[in-house]
Amino acid sequence: MKIGIIGLGLIGGSLGLDLSEQGFQVVGVSRRQTTCDIAVSIKAVSAASLDFEILAGVELLFIATPIGAISATIKAVIPYLSPDTIITDVASVKQPIVEEITPLYPNFVGGHPMAGTADQGIESALRHLFHHAPYVLTPTESTPLEAIEKVKQIVNILGSKLYFATPEQHDQAVALISHAPVMISAALIETCCGNSELLELAQNLASSGFRDTSRVGGGNPELGAMMAKYNRNAVLFALKQYQQNLAQVISYIEQENWPSLTQFLEDSQLHRPSFLS
Ligand code: NAP
């Protein structure tokens with residue numbers, strides 16, 4: 001099968017590495033020639049171009065550009081494809097994309113591989129990034145079953161754990177476990193930078209706990225801003241819930257209510273493993 005990828009960055013490049021390794025003929029399109037050259041040199045794709053013409057004959061096309069470019073990219077590439085080509089995207093937000101693309105191109109399956117790093121660009125592409133990671137598909141009632149089946153097969157080949165959700169449910173769930181945490185983690189980093197007298201000591205003492213809690217806040221700023229822009233209502237809802245819980249913690253500490261604070265921390269200790277199993 002010939003597979004195309006538009007947007008040869010962290011996610012597009014990583015998909016290319018694994019799909020090429022599995023024996024698929026993978027071709028890519030990106031914005032910069034240097035990115036195309038690197039993608040070929042690391043064998044993420046067998047050929048890459050700035051031009052959509054390279055995508056002739058692809059059976060499955062991944063759109064892995066930044067979120068803000070996905071809809072425009074799909075609209076621009078449709079004339080270069082056979083109507084049998086299945087398009088899937090990897091964007092971290094699904095509802096606005098699925099709503100815009102489904103009426104234009106029925107052979108479209110929304111998707112989101114739930115794996116990443118703090119890095120960006122083709123240089124950060126990794127083998128087996130999606131292994132054992134959740135991969136969500138968000139078909140609608142009108143999505144052709146053969147298209148869902150084909151994307152499902154590829155997700156299984158990547159070794160990911162497949163889940164289905166509606167685009168709306170997906171966006172609300174990822175706001176809680178991914179998008180709001182980016183904002184919370186970024187706010188934590190800025191909180192630590194706010195005390196200039198202690199800054200150097202704090203930087204020297206920061207270790208594994210800070211690495212864990214700051215990781216997602218220290219990632220790709222463009223991606224974080226797009227998550228908030230395209231999933232605004234769900235992100236605001238999650239952040240306001242968080243604000244209430246934080247206000248509760250502040251109140252326990254102000255009131256020196258140690259039993260209630262202990263109970264709160266016991267609950268969170270109990271609940272955490274169910275998100276990570
Ligand atoms: P990235 O590393 O910045 O890669 C995006 C690549 O897209 C860039 O390297 C850029 O390539 C290319 N590009 C930008 N605009 C383009 C355009 N108009 N046409 C063609 N190529 C274009 O970002 P990423 O982290 O891989 O994110 C890509 C997508 O994956 C996003 O939709 C994001 O929501 C989704 N996603 C990200 C993560 C994550 O944790 N990072 C996880 C899951 C899903 P050039 O170098 O050629 O400019």
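The values are calculated or read from the model by the stated rules, or taken from the named source; none is laboratory data. Note that the structure is a prediction, hence the values are computed from the model and not measured. Neighbour counts are summed over all protein chains in view; Cβ atoms, including those assigned to glycine, are modelled from backbone coordinates with ideal geometry. Side chains included, ligands, DNA and RNA excluded: accessible areas come from the protein's heavy atoms. Shrake-Rupley method; radii C 1.70, N 1.55, O 1.52, S 1.80 Å.
For M1, the accessible area of its heavy atoms, probed at 1.4 Å with every protein chain present, is near 70 square angstrom.
Among DSSP bridges having both ends in the stretch 2-165, what percentage is antiparallel? Round to the nearest 5. Can you show the working numbers first?
Numbers: 3 of 25 bridges.
Just about 10 percent of them are antiparallel.
Summed over the residues of the chain and divided among them, the accessible surface reaches 54 Å² per residue at a probe radius of 1.4 Å. Taking θ as phi - 60° and the Karplus parameters 6.51, -1.76 and 1.60, the scalar couplings of the stretch 104-112 work out to 7, 9, x, 7, 10, 10, x, x, 8 Hz in sequence order, x denoting glycine and proline.
Put simply, the amide H of V136, placed in the peptide plane, has neighbours under 5 Å in H112, M114, Y163, leaving out anything fewer than 5 places away on its chain.
Could you list, in their original order, any pairs among K2/K152; K75/K161; K75/K240; K43/K75; K94/K240; K94/K150 whose Cα atoms are separated by more than 25 Å? Over 25 Å Cα-Cα: K75/K161; K75/K240; K43/K75. Here the Gaussian network model covers the chain, with springs between Cα atoms less than 10 Å apart; of L199, L17, L60, L199 fluctuates the most. Amide hydrogen proximity for D89: with H placed 1.01 Å from N in the peptide plane, the residues at 5 or more positions away or on another chain lying under 5 Å are I63, V109, G111. Heavy-atom accessible surface of K75, to the nearest 10 Å², is about 100 Å², with a 1.4 Å probe and all protein chains retained.
For H131 and E168, the difference between the fully extended length at 0.36 nm per residue and the C-alpha to C-alpha distance is 10.8 nm.
The GNM of the chain, with springs linking C-alpha atoms under 10 angstrom apart, assigns the highest mean-square fluctuation among L205, L126, L236 to L205. Ranking I70, Q244, V155 by how far each Cα lies toward the positive end of the dipole of the chain (charges on Cβ) leaves V155 at the top.
Report summary: the helix-based calculation at 222 nm, which adds -39500 (n - 2.57) for every DSSP H run with n ≥ 4 and divides by the residues of the chain, gives -15000 deg cm²/dmol.
Only Lys, Arg, Asp and Glu carry charge here, each on its Cβ (+1 for the first two, -1 for the last two); on that basis the chain has a dipole of about 320 debye about its Cα centre.
Between T191 and Q255, the modelled labels are 2.0 nm apart [label points 7 Å from Cα along Cα→Cβ].
Taking all protein chains as present, what is the carbon and sulfur share of the accessible area of the chain, in % to the nearest whole number, probe 1.4 Å? Mind showing how you got there, number by number?
Numbers: 8390 of 15070 Å².
The nonpolar share, carbon plus sulfur, comes to 56 percent.
Figure legend: label point modelled 7 angstrom from the Cα of Q25 along Cα→Cβ; residues of the stretch 1-19 with amide N under 19 Å from it are 1-6, 16-19. If both residues of a DSSP beta bridge must be in the chain, then about 10% of such bridges are antiparallel. Backbone amide hydrogens, once placed in the peptide plane, bring G9 within less than 5 Å of nothing, excluding anything fewer than 5 places away on its chain. Working note: Karplus 6.51/-1.76/1.60 with θ = phi - 60° gives the stretch 123-137 the couplings 4, 9, 4, 10, 5, 6, 4, 9, 4, 6, 8, x, 9, 9, 10 Hz, where Gly and Pro are set to x. K150 sits with roughly 50 Å² accessible to a 1.4 Å probe, with DNA, RNA and ligands left out of the calculation. For the chain, a Gaussian network of Cα nodes joined below 10 Å ranks G209, G13, G218 by mean-square fluctuation, and the top entry is G209. Across the stretch 84-101, coupling constants 3J(HN,Hα) worked out from phi with the 6.51/-1.76/1.60 Karplus curve, θ = phi - 60°, read 6, 4, 8, 9, 9, 10, 10, 5, 6, 10, 10, 4, x, 6, 4, 5, 7, 8 Hz, and Gly and Pro carry x.
Once the Cα-Cα distance is subtracted from the 0.36 nm per residue extended length, the I177 to D37 segment shows a gain of 46.9 nm. Overall form of the stretch 42-114: oblate. Here a/c, set by the Cα gyration tensor axes a ≥ b ≥ c, is 1.5 or more, and a/b is not larger than b/c.
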